[in-house]
Amino acid sequence: MAKGLPLDRATPSTLAPVHCPHFGPCGGCSLLDVRYTEEVGMKEAAFAALVRGSDALRKAKILPLLRAREPLFYRTSLKVPFGRKDGAVVAGFFKRRTHSIVDLAGCAIQDPLLTELMLDVKRLAAAIGVSIYDERSHHGVLRHFLARVGAGTRELLAGFVVRTPGDAAIRELALATMEAWSGRGLVGVVENVNRERTNVILGEATTTLVGRGHLDEEADDLRSRTPLEAFVQVNAAQASALYREVVRRLGPLDGKRVVDLYSGFGPIALRVARAGAHVVAIERNQVAAREGALAADDNGLADRVTFLAADAEHGLRATDAAGLDAVVVDPPRRGLAPGLIATLKSLAFRRLVYVSCNPETFVRDLEALAPDLRVVELRPVDLFPRTEHLESIAVLDRVHVDRDG
Ligand SMILES: C[S@@+](CC[C@H](N)C(=O)[O-])C[C@H]1O[C@@H](n2cnc3c(N)ncnc32)[C@H](O)[C@@H]1O
């Protein structure tokens, strides 16, 4: 997993609320050995230290961490590599800082249904004799197993990432998985082809092997469809809380004009539109942008949300900025490109809400957005309990900058 917050573990570890046999070496989580209240304190302290270290942020108000209601078994999305150890098929998270797979027998942060599905797929793959990918030799077929569960619908979607398409054993595995799990909510199994020697999990092409290629999801009275190629937050329950915070921070929205950059399939854009705004949602992934447009239609919001399949910076430049009230950005870990920061600074909208999953690039970008956009409020959000990872929201307001001196 990518690097998280530098937490100060001065507090000695106390009784673990859950005893996971994999805790320690497994890279899936790292804070099972502290109580959740201590974890909250550690994260708040680390976030405050980061903010205090920055001249641009020092004066901003920091709200308390938005805690997760359920800090265990919360992951509604699973992505694990498959491999072989001593001839046996293994599947699980990588050991910390290695590419050696921890052969999971259970997991304290994953939705138990997904863990059970993964264990069944591993058993079936071994029984069928599926060819397992070996990253050192770049041989074999099955690389990763992906699965999602709809928090509102409890539908399941499964996917195999394979090095070569059309493998007969993979098809057999898909059919056997469907047969075993259709009564428990599995609606489809897809195949994604990734031929490259790479750490990036998904490749370009995805096809449906059996059933359908997307999950129907319902959250906060909004319906959407999420194929495996479209980004979804891994913690559906806490994502709803995050989105509520974002909408609240935008203020009254009736009749306002908002741009949602890095929109994914539009969970923020749809909520902002439902609150009365006209929204342009910009997302590079064409599948996600297409699903967003379908969701807008399905929820009766098509007249208020437009999805643009484009790079954030180019899409924003192509959007009519006259009368724009606010912008939301929710970039991947690398944060905002310098060109996008320059464009955001040059436009005249009043408020920017920045949602980030990487505190380092978050602080870097907030500093770069100054002095035109000043941070007034910060809120850490615990989207990834039991790990060092932290989501954060910043509210920035435009300051009139006299460029002539
Ligand atoms: C952290 S996700 C946020 C998605 C959405 N806001 C949500 O909460 O589900 C970042 C999104 O940015 C998209 N993305 C990455 N680089 C991009 C770029 N240069 N321009 C536009 N979208 C991009 C990804 O495909 C992904 O959907």
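Being hydroxyl-bearing (Ser, Thr, Tyr) and over 25 Å from Asp220 (Cβ atoms) is a condition met by no residue of segment 293-313. In this structure, does Arg148 turn out to be surrounded by 15 or more Cβ atoms within 10 Å (Cβ to Cβ), under 17 Å from Asn194 (Cα atoms) and within 21 Å of the chain's Cα centre (by Cα)? Criteria not met by Arg148. Looking only at segment 133-145, decide whether some residue is in a helix (DSSP H, G or I) and within 22 Å of Thr207 (Cα to Cα). Among the residues of segment 133-145, not one is in a helix (DSSP H, G or I) and within 22 Å of Thr207 (Cα to Cα), which makes the answer no. Considering (1) among the hydrophobic types (A, V, I, L, M, F, W, C); (2) touching a Cys at 6+ places or on another chain (Cβ under 7 Å); (3) modelled with pLDDT under 95, the lone condition that Ile109 does not fulfil carries the number (3). Might you let me know whether segment 335-353 holds any residue that is under 30 Å from Leu202 (Cα atoms), out of contact with any helix residue (DSSP H, G or I) (no Cβ under 6 Å at 6 or more places or on another chain), outside the structural domain of Gly213 (by TED's automatic domain parsing) and more than 12 Å from the ligand (Cβ to nearest atom)? Taking every residue of segment 335-353 in turn, at least one turns out to be under 30 Å from Leu202 (Cα atoms), out of contact with any helix residue (DSSP H, G or I) (no Cβ under 6 Å at 6 or more places or on another chain), outside the structural domain of Gly213 (by TED's automatic domain parsing) and more than 12 Å from the ligand (Cβ to nearest atom).
Cβ-Cβ contacts under 7 Å between residues 6 or more apart (or on different chains), taken from a first residue in segment 264-277 that is under 12 Å from Pro252 (Cα atoms) to a second residue that is near the ligand (Cβ under 10 Å from one of its atoms) and not in a helix (DSSP H, G or I), are listed as Val272/Asp260. When segment 336-369 is filtered for residues that are under 17 Å from Gly4 (Cα atoms) and in contact with a Lys or Arg (Cβ under 9 Å, 6 or more places away or on another chain), the ones remaining, listed by number, are Ser356, Cys357, Asn358, Glu360, Thr361.
Among the residues of segment 364-388, those identified as closer than 18 Å to Pro64 by Cα and over 19 Å from the mean Cα position of the chain (by Cα) are Val375, Val376, Glu377, Leu378. The set of residues in segment 268-295 that are away from the ligand (no atom under 11 Å from the Cβ) and in contact with a Gly (Cβ under 7 Å, 6 or more places away or on another chain) comprises Gly276, Ala295. Residues in segment 224-267 that are charged (D, E, K, R) and within 15 Å of the ligand (Cβ to nearest atom): how many? Total meeting the criteria: 6. Within segment 225-267, the set of residues being touching an Asp or Glu at 6+ places or on another chain (Cβ under 7 Å), open to solvent by 20 Å² or more (accessible area, probe 1.4 Å) and of a type outside the set (Lys, Arg) comprises Ala237, Tyr262, Phe265. When the residues of segment 102-125 are filtered to those that are surrounded by fewer than 21 Cβ atoms within 10 Å (Cβ to Cβ) and free of Cβ contacts under 8 Å to residues at least 60 places away in the same chain, the one that is nearest to the chain's Cα centre (by Cα) is Pro112.
Scan the strands (runs of 3 or more DSSP E) fully inside segment 321-402 and keep the ones with 2 or more residues being under 21 Å from Met42 (Cα atoms).
Result: 351-356, 373-381, 391-398.
Considering only residues of segment 272-304 that are open to solvent by 10 Å² or more (accessible area, probe 1.4 Å) and part of a strand (DSSP E or B), which is farthest from Ala326 (Cα to Cα)? Restricting to residues being open to solvent by 10 Å² or more (accessible area, probe 1.4 Å) and part of a strand (DSSP E or B), the top hit is Glu283.
Restricting segment 23-45 to residues that are in contact with a strand residue (DSSP E or B) (Cβ under 9 Å, 6 or more places away or on another chain) and not in a loop (DSSP other than H, G, I, E, B), the residue that is surrounded by the most Cβ atoms within 10 Å (Cβ to Cβ) is Lys43.
Looking only at segment 176-200, which residues are crowded, with 16+ Cβ neighbours inside 10 Å and either touching a Pro at 6+ places or on another chain (Cβ under 8 Å) or not in a strand (DSSP E or B) (or both)? Residues satisfying the conditions are Ala176, Thr177, Met178, Trp181, Gly185, Val190, Glu191, Val193, Asn194.
Considered as a group, the residues in segment 212-223 that are open to solvent by 10 Å² or more (accessible area, probe 1.4 Å), away from the ligand (no atom under 12 Å from the Cβ) and out of contact with any helix residue (DSSP H, G or I) (no Cβ under 6 Å at 6 or more places or on another chain) include one that is nearest to Asn299 (Cα to Cα), and that residue is Asp221.
Return the pair list, or none, for Cβ contacts closer than 7 Å from residues in segment 306-334 that are outside the structural domain of Ala289 (by TED's automatic domain parsing) and more than 9 Å from the ligand (Cβ to nearest atom) to residues that are open to solvent by 60 Å² or more (accessible area, probe 1.4 Å) and not in a helix (DSSP H, G or I), at least 6 apart or on different chains. Listed pairs, sorted by first residue: none to list.
The values are calculated or read from the model by the stated rules, or taken from the named source; none is laboratory data. Bear in mind the structure is a predicted one, so any value in this text is a computation, not a measurement. Every residue, glycine among them, receives a Cβ derived from its backbone with ideal geometry; neighbour counts consider all protein chains shown. Heads up: the accessible areas ignore ligands, DNA and RNA and are worked out on the full protein's heavy atoms, side chains in. Shrake-Rupley method; radii C 1.70, N 1.55, O 1.52, S 1.80 Å.
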